[in-house]
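Shown next, in structure tokens, is the structure this report addresses.
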Amino acid sequence: MLEIKNLHVAVGGQEILKGLTLSIADGEVHAIMGPNGSGKSTLSYVLAGREGYEITQGSVLYRGQDLTTMAPEERAAQGVFLAMQYPVEIPGVTTMTFLKTALNAQRRARGEKEVDAVGVLKLVREKAKALNVPEEMLKRALNVGFSGGEKKRLEILQAAVFQPSLAILDETDSGLDIDALKLVAQGVNALRAPDRAMLVITHYQRLLNYIVPDRVHVLSAGRIIKEGGKELALELEARGYAQIIKDAA
Amino acid sequence: MAAANETRKAETKLAVAELGEKYKYGFVTDIEMERAPKGLSEDTVRFISAKKSEPEWMLQWRLGAFRRWQEMREPNWARVHYQKIDYQDSYYYAAPKSQSNKPQSLDEIDPKILETYKKLGIPLHEQMLLAGVAVDAVFDSVSVATTFKAKLNEAGVIFCPISEAIRDHGELVRKYLGTVVPVTDNFFATLNSAVFSDGTFVYVPKGVRCPMELSTYFRINAQDTGQFERTLIIADEGSYVSYLEGCTAPKRDENQLHAAVVELVALEGAEIKYSTVQNWYPGDEDGKGGIYNFVTKRGDCRGNRSKISWTQVETGSAITWKYPSCILRGDDSVGEFYSIAITNNYQQADTGTKMTHLGKNTRSRIISKGISAGRAQNTYRGLVSVHPRAENARNYTQCDSLLIGAQCGAHTVPYIESRNRSSRIEHEATTSKIAEDQLFYCTQRGIPAEEAVALIVNGFCREVLQQLPMEFAVEAQKLVGISLEGSVG
Ligand SMILES: Nc1ncnc2c1ncn2[C@@H]1O[C@H](COP(=O)(O)OP(=O)(O)OP(=O)(O)O)[C@@H](O)[C@H]1O
Ligand SMILES: [Mg+2]
């Protein structure tokens, strides 16, 4: 699904990712953990194609294709989804309108037929119910005045609506209360499928109790310094980043 | 041949004379000419009046306006820049094109215009009407219009070209024309008073709720109202009318200068809702060409508890100079102004409103959304004035500006004059940019940048778009996107 090799990325002339290598097979869920500022969000933005993130070296293949030459909306249409650490507010645009516009833009780009308003409404309602997103939220302007947890839930709702092939979740668990965390984890688990891969960025091993990863990677200063199975998350929790980074050095 | 021509000319002159015209100013124009001669003189005014078979009072009214206009100077206080207009170098009257002079099919129309029609989803036969293609009498919209006419007649609503109203409802026109926008109001309004070619007249009788939205579009004769349009709408006591002006489809016009006047009169307990979508040719990407739109629109809440609400979506024209205003004369009367002004490329807009509170407990509300892209300049100019007698007047003003790119400008010029201490006036203003993170968020979800801009701008304008009648609103939303095409790299 995803193959990142020796990736170097500079932001504002400063190198943030310094030779990152990582690959995820179809159907797998990988977790990335790492201290603040280690480059986790940077990686997620590069994968999504955000402007200003310059690849100076290395390659990224998505389903065998060079991802780096594609525009962000093209990647989205091809199934790359990024649940953002800080979802953005768009005043005056209702959540429902946004979902409909985005879904149909993706479908159009793939040469599929657009879904009419009624169809979108039905689809979104069904997914919203499972995630306990109240109907009323769908009528409000996108993310405007939403609580931190509500914003995160809405990101997962979008993943459920768009059914991406590669879902990158950047700290979707932060800001969630315990019940919401379970709901979101359920939502994510429901997305698990043989033809779908996920990259879950988190600081807390607790999330990984619910979403059990196939692999865990530790990112530090722009490089993967350690990887392992799900037990690595427990080790991190017990010993802290500093110790692990020291060991790896 | 020449002799026959001479006789015809003589006959023509006679016919004009019979209409009460006197040729004391050397009136030499052939009445059968399609156009008035170039330039502006009393003869031009007489020619227009004769062409319209107007009564003497109307001619005198026009001549009075013309004489005043000659002593007036073009205003220069607006934040717009343009080459000086040579008023003697234009034509002031052209007869509506006959069917044979019109394009015979859509093949003869600029493909760019047709493309926009398509984007707006305008049905084919309406495209033909809009593009000015010759259409025969069994045309769809004609029969539609006839049905409408019957309904209106039944309700007693008068809805017709103003030239027709001047002839058939002279007393009504004479009673109200120029009472909201006086002949001497301003340079462009005075010019319009002298040379207006046609426009719309609406009268809604006492207690009548007009059974449908009125739109110039459905008025059969409205195809060539020309550059000096004149509109007069009177809502008698306790009546209601919603009027839609203009069209989302881009309209081209050979005349660069447009100076319309719109007067609204709401009597006791009456309500007028006036919605405009203005999409005249804005000029090309380099700022060449485009319409100069200098409009005077004013509503008079003459009776107690009357209400006038202006909603405008201004996306076209190279220059827009326009301040739809309300005189809140009656006690408890309400004035509203909802505006979206979008400027792209080299467009300039200076628009806003004037709310004049004269009566007690009068309320006004101003919501203005200005969007600038490219190298465009967008100015909101507003005046809220509360007179000493206007106890408990209230105003709420909100002016939001949105900038797309770094080379455009937004300016807000609010004036407040309060001469009554019980008044309460609130003003809020914001200026923002479409943030990179908003665009990225949209593109990440699959929405291409240009569509994302349209979506974000539509969100920004939502409060105003919601004021538009449903069908108009849907088209206006699309129009917002189309006007901003090319504004993101
Ligand atoms: N525009 C920029 N210019 C310079 N440095 C930047 C820029 N954007 C991000 N950085 C830096 O890149 C580094 C990595 O940031 P990133 O957001 O990827 O970290 P993170 O691992 O997601 O951290 P957190 O756990 O706090 O979310 C940080 O040191 C940050 O300050
Ligand atoms: Mg981060």
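Can you return the aspartates and glutamates within cross-link range of B:Lys369? Criterion is Cα-Cα under 17 Å, with same-chain partners fewer than 8 residues away left out.
B:Glu314, B:Glu336, B:Asp350, B:Asp400, B:Glu426, B:Glu428, B:Glu463
Could you give the size of the charge dipole of segment B:285-442 about its Cα centre, using +1 on the Cβ of each K and R and -1 on the Cβ of each D and E, expressed in debye and rounded to the nearest 20?
820
Would you calculate the convex hull of the Cα atoms in segment A:2-248 and tell me its volume per residue in Å³?
Working: hull volume 30.3 nm³, N = 247.
Expressed per residue, the convex hull around the Cα atoms of segment A:2-248 is 123 Å³.
Between their Cα atoms, which of A:Lys151/B:Lys478; B:Lys175/B:Lys360; B:Lys354/B:Lys478; A:Lys182/B:Lys433; B:Lys288/B:Lys322 are more than 32 Å away from each other?
On the way: A:Lys151/B:Lys478 28 Å; B:Lys175/B:Lys360 26 Å; B:Lys354/B:Lys478 29 Å; A:Lys182/B:Lys433 37 Å; B:Lys288/B:Lys322 21 Å.
The answer is A:Lys182/B:Lys433.
What accessible area, summed over both chains, is buried at the A-B interface (1.4 Å probe, Å², nearest 100)?
2100
Please list the helices of chain A that count as membrane-span-like by this rule: a mean Kyte-Doolittle hydropathy of at least 1.0 together with Cα atoms stretching 15 Å or more along the helix axis, each helix being a complete DSSP H run. Numbers along the way, then the final one.
Values: long enough: A:95-109 (21 Å, -0.29); A:117-130 (20 Å, 0.39); A:148-162 (22 Å, -0.06); A:178-191 (20 Å, 1.06); A:231-248 (18 Å, 0.00).
Long hydrophobic helices here: A:178-191.
How large is the charge dipole for the protein assembly as shown, taken about the Cα centre, if only the Cβ atoms of Lys, Arg (+1) and Asp, Glu (-1) carry charge, to the nearest 20 debye?
1320
Evaluate the distance, in nm, between pseudo-label points positioned 7 Å from the Cα of B:Ser53 and of A:Ala25 along their respective Cα→Cβ axes.
9.0
Compute for segment A:137-209: radius of gyration divided by Kirkwood radius, i.e. Rg/Rh, restricted to C-alpha atoms, rounded to two decimals. Don't skip to the answer; put the middle values down first.
On the way: Rg = 12.2 Å, Rh = 12.8 Å.
Rg/Rh: 0.96.
Using bins 10 angstrom wide from zero, how does P(r) for segment B:366-430 break down, in % of all Cα pairs?
Cα pair-distance distribution for segment B:366-430, in percent: 22, 40, 23, 12, 3.
Rounded to the nearest 5, what % of DSSP beta bridges with both residues in the protein assembly as shown are antiparallel? Intermediate results must be reported in sequence, preceding the final value.
Numbers: 30 of 160 bridges.
That works out to approximately 20 percent antiparallel.
Once you keep just the Cα pairs under 8 angstrom separated by 6 or more residues, what percentage relative contact order results for chain A?
Relative contact order comes out at 28 percent.
Explain nothing, just the number: dipole magnitude of segment A:2-248 about its Cα centre with +1 on each Lys and Arg Cβ and -1 on each Asp and Glu Cβ, in debye rounded to the nearest 20.
Working: 30 positive and 30 negative charges, 59 e Å.
With only Lys, Arg, Asp and Glu charged at Cβ, the dipole is about 280 debye.
Counting alpha carbon pairs within less than 8 Å and at least 6 residues apart, what relative contact order, in whole percent, applies to segment A:45-125?
25
Hey, what's the protein assembly as shown come to in accessible area per residue, 1.4 Å probe, Å²?
Numbers: 31400 Å² over 738 residues.
That works out to 43 Å² for each residue.
Could you tell me the extents of segment B:335-489's C-alpha atoms along the three principal axes, largest first, rounded to whole Å?
56, 33, 25
For a protection proxy built on the mean count of beta-carbon atoms within 10 angstrom, sort B:309-315, A:90-96 highest first, please.
Values: B:309-315: 26.4, A:90-96: 20.6.
So the peptides B:309-315, A:90-96, ranked by packing, come out B:309-315, A:90-96.
Considering the dipole of the protein assembly as shown built from charges on the beta carbon (Lys and Arg +1, Asp and Glu -1) around the Cα centre, which of A:Asn6, B:Pro37, B:Val262 is farthest to its positive end?
B:Val262
Largest first and to the nearest Å, give the Cα extent of the protein assembly as shown along each principal axis.
Taking the Cα atoms of the protein assembly as shown, the three principal extents are 108, 67, 48 Å.
Could you pull the Rg and Dmax for segment B:285-378, using just the Cα atoms, both in Å?
For segment B:285-378, the Cα-based Rg and Dmax read 15.3, 50 Å.
With unit charges on the beta carbons (Lys and Arg positive, Asp and Glu negative) and the dipole taken about the Cα centre of the protein assembly as shown, which residue among B:Trp321, A:Val120, A:Ala102 sits farthest to the positive side?
Checked the options; the winner is B:Trp321.
Could you tally the net charge around B:Glu428, taking each other residue with its Cβ under 15 Å from the Cβ of B:Glu428, Lys/Arg +1 and Asp/Glu -1? Display every interim value, and only then the final one.
Values: positive: B:Arg365, B:Lys369, B:Arg394, B:Arg424; negative: B:Asp400, B:Glu426, B:Glu463.
Once all neighbours under 15 Å are counted, the net charge is +1.
How shielded is A:100-107 by partner chains, expressed as the average number of their Cβ atoms within 10 Å of its Cβ atoms? Can you show the working numbers first?
Values: counts 0, 9, 10, 3, 3, 9, 3, 1.
Average neighbour count from other chains, rounded to a whole number: 5.
Quickly work out the A:Val212-to-A:Asn36 label distance, labels modelled 7 Å from Cα along the C-beta direction, and quote it in nm with one decimal.
Rounded to a tenth, the inter-label distance reads 3.3 nm.
What full-extension length gain, to one decimal in nm, is calculated for B:Tyr396 and B:Arg73 as 0.36 nm per residue of separation minus the Cα-Cα distance?
112.9 nm
For A:Val115 and A:Tyr204, what is the calculated FRET efficiency with R₀ set at 60 Å and r taken between the beta-carbons, to the nearest 0.05?
0.95
Go ahead and estimate [θ] at 222 nm for the protein assembly as shown from helices alone: -39,500 (n - 2.57) per DSSP H run with n ≥ 4, summed, over the residue count, rounded to 500.
Taking each H run of at least 4 residues, the total per residue is -10000 deg cm²/dmol.
At 1.4 Å probe size, with the rest of the protein present, what percent of the exposed accessible area of the protein assembly as shown is carbon and sulfur atoms?
Carbon-and-sulfur percentage of accessible area, whole number: 49.
Among B:Ile340, B:Asn361, B:Tyr380, flag the residue with its Cα farthest along the positive direction of the charge dipole of segment B:333-383, charges on Cβ as +1 for Lys/Arg and -1 for Asp/Glu.
Value computed over the given set: B:Asn361.
The values are calculated or read from the model by the stated rules, or taken from the named source; none is laboratory data. Quantities reported herein were computed from a predicted structural model and do not represent experimental measurements. Neighbour counts are summed over all protein chains in view; Cβ atoms, including those assigned to glycine, are modelled from backbone coordinates with ideal geometry. Heads up: the accessible areas ignore ligands, DNA and RNA and are worked out on the full protein's heavy atoms, side chains in. Shrake-Rupley method; radii C 1.70, N 1.55, O 1.52, S 1.80 Å.
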